[in-house]
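Trainee: This structure is in structure tokens; I'll ask about it shortly.
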């Protein structure tokens, strides 16, 4: 599993994160991917077709509200990581320290909390990738994935590509998962556009470490960053 927080969901950003995940795993491309119908996945889908070929389901676009394991995963990520920041940011808004219409506030927020959230996501991934799965003989997801890659029944282990699944519409679905609430998958998030943003970022990072220990979950570091900006 690979998770990353970013300041935007542009197609180039999503592609670069996808390639980072592939490079982390020894430049091993997945056989196919299942994505929702958000436009941010376009370049990833193009890259998959180029790497794995057309006409075999290299990418499968379907609503994320189908019964997919990814929906359960998002629930766990929110429960273990994101809910802390979700409530922290709302608390900041309620006392006037954070205004989401203020580009300076968002700039400082991103400087401090994107690194902190990514650190928490890395720790979550490490724990998840190596936890024991009782229904898989107490193997970890990492062991299951590695075994699958080199298993004799896997065409990719022989340098071959399997054909398109016979039931493409249900490929990747988890029938045991209740259908989640429908949501809009076409949200566009642009990066904060602040004059001399790169210079400001360097200046702030010279004076504080965004991931240093904090008894206030980084709220004190955000306040300091806001003063510097």
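Coordinate-derived values only; no laboratory data. Everything numeric in this text was worked out from a predicted model, so none of it was measured. We place every Cβ from the backbone using ideal geometry, glycine too, and count neighbours over all the protein chains shown.
Trainee: Going by how many other Cβ atoms sit within 10 Å of their own, how do 95, 60, 221 line up, fewest first?
Mentor: Numbers: 95 7, 60 17, 221 23.
With the fewest neighbours first, 95, 60, 221 line up as 95, 60, 221.
Trainee: When all alpha-carbon pairs of region 1-142 are counted, what percent fall beyond 20 Å? Write out the running numbers ahead of the final one.
Mentor: On the way: 5986 of 10011 pairs.
Across region 1-142, Cα pairs with separations above 20 Å total 60 percent.
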